[in-house]
Amino acid sequence: MVCLLTGLLDPLIVKGVTLRNRIVMPPMQSGRASFEGEVTSKLVNFYVRRSAALGLPIVEHAYVSALGKIGPKQLGIYSDKLTAGLEKLACGIHLAGAPAVVQLSHAGAVANKKIIGVMPVGPSSRDKVRMLEKNELYELADEFAWATERAVEADFDGVELHGAHGYLLNQFFTPLINKRTDEFGGSLENRMRFPLLVVEKVQRHLKGGLLLYRLGADDLAPMGTQLKEAIVFAQKLQQAGVDIMDVSGGMCGSEPKQLQHIKGYFIPQASAIKAAVEVPVIGVGKIKEAQFADTLIREGKIDLAAIGRALWHDNLWPQKAHQTLQQHQNPTN
């Protein structure tokens, strides 16, 4: 196989934003926000420590609506009162030399009823889940847009929409959950409609910032989302203005048990989508070694490598990756 010149340590410029390398910190729920979703000094320190040599830190999922909360100390972006704290977080990441992106999410049917105080909502009615009415979908899309405004005001360089791991946008895309009979359910075109509506609304409020989409590309279930559908969706997302495609699992979650023995377990999906779109693609899934991540990029399988658990446990992973790869490329005699 012919290797490409670009590697993990090479910079990438996307829409005028410079990533100093191809190392991405994917959004990981840290439980360091307040119970009201406010940024805390503990949360800022968590990101600052890990951003010093990162190409792109993506801040953990921030809920855009009170109905979309899944955890007790989840970061929030649902109210203007949270903007000042978010600005401190973005500033801390910028001072560490990295661009800052925050993930926007709504848990939908998997929201925690004890936390939100009402029955969770989703694409379809099911046990202990209320189906969203059509007018509510447009209201929800507006909530994503208002959250985007807050992110821009807080000086984030962009936002990522959480369309994976069984969250609301993913619930609309997957046939496993979306059983609607109106124009927002049924066919692939209809199941893409609500996520694309959200993308459209968010795009209007980004003011030129980066737009990422975390795509649940495979449910790993016979009747669920298949890769060929995800490829079509990725192309639609690109047409709608998505700047970076962040490819992960769908209803199977981010760490499916049946794939835990495989290094880079979502790389095949990311590679297939990369071949079908022109925007950069992030690959994820048990990428722990710098040389493995570097090889994936040099072979053209992905453009950026998401380092999750390894970076969680070792905030110096990027610095060590630099040392490892530089030694590998320039061995001493």
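Observations
- Mean silhouette area of region 11-106, derived from the convex hull of its C-alpha atoms and averaged over all directions, reads 5.8 nm².
- Its Kirkwood hydrodynamic radius, worked out from the mean inverse distance over all distinct Cα pairs, puts region 153-296 at 15.5 Å.
- A simple packing score, the average count of other Cβ atoms within 10 Å per residue, orders the peptides 34-43, 278-287, 87-96 as 278-287, 87-96, 34-43, with the highest score first.
- Where both bridge residues fall in region 12-325, DSSP classifies roughly 10% of the beta bridges as antiparallel.
- Packing, as the average of other Cβ atoms within 10 Å across residues, places the peptides 145-154, 175-184 in the order 145-154, 175-184, highest first.
- Only helices enter the 222 nm calculation for the chain: every DSSP H run of n ≥ 4 contributes -39,500 (n - 2.57), and dividing by all residues gives -11000 deg cm²/dmol, rounded to 500.
- Space enclosed by the convex hull of the alpha-carbon atoms of region 201-265, per residue, Å³: 100 Å³
- Which listed pairs, of 274/320; 88/113; 42/81, have C-alpha distances above 21 Å, in listed order: 274/320; 88/113
- More than 21 angstrom apart: percent of Cα pairs within region 170-238: 25 percent
- Projecting the Cα positions of 206, 159, 112 onto the charge dipole of region 77-209 (unit charges on Cβ atoms of Lys, Arg, Asp and Glu, taken about the Cα centre) puts 112 furthest along the positive direction.
- Under 19 Å from the Cα of residue 207 - lysines, other chains or at least 8 residues apart: 15
- Across the chain, Cα-Cα pairs farther apart than 35 Å form 16% of the total.
- Packing-based ranking, highest mean first, of 300-312, 115-127 given that Cβ atoms within 10 Å are counted: 300-312, 115-127
- Inter-part distance where region 70-91 and region 1-40 are each reduced to a Cα centre, Å: 19 Å
- For residue 134, the lysines whose Cα comes closer than 20 Å to its Cα, not counting residues fewer than 8 places off in the same chain, are 179, 201.
- Label zone at residue 6 (point 7 Å along Cα-to-Cβ), backbone N below 19 Å, region 244-269: 244-248, 267-269
Read-outs: derived from the displayed coordinates by stated rules, not from any lab. Since the model is a prediction, treat every value here as computed from it, not as a measurement. A quick note on method: Cβ atoms are made from the backbone with ideal geometry, for glycine too, and the neighbour counts reach across all protein chains shown.
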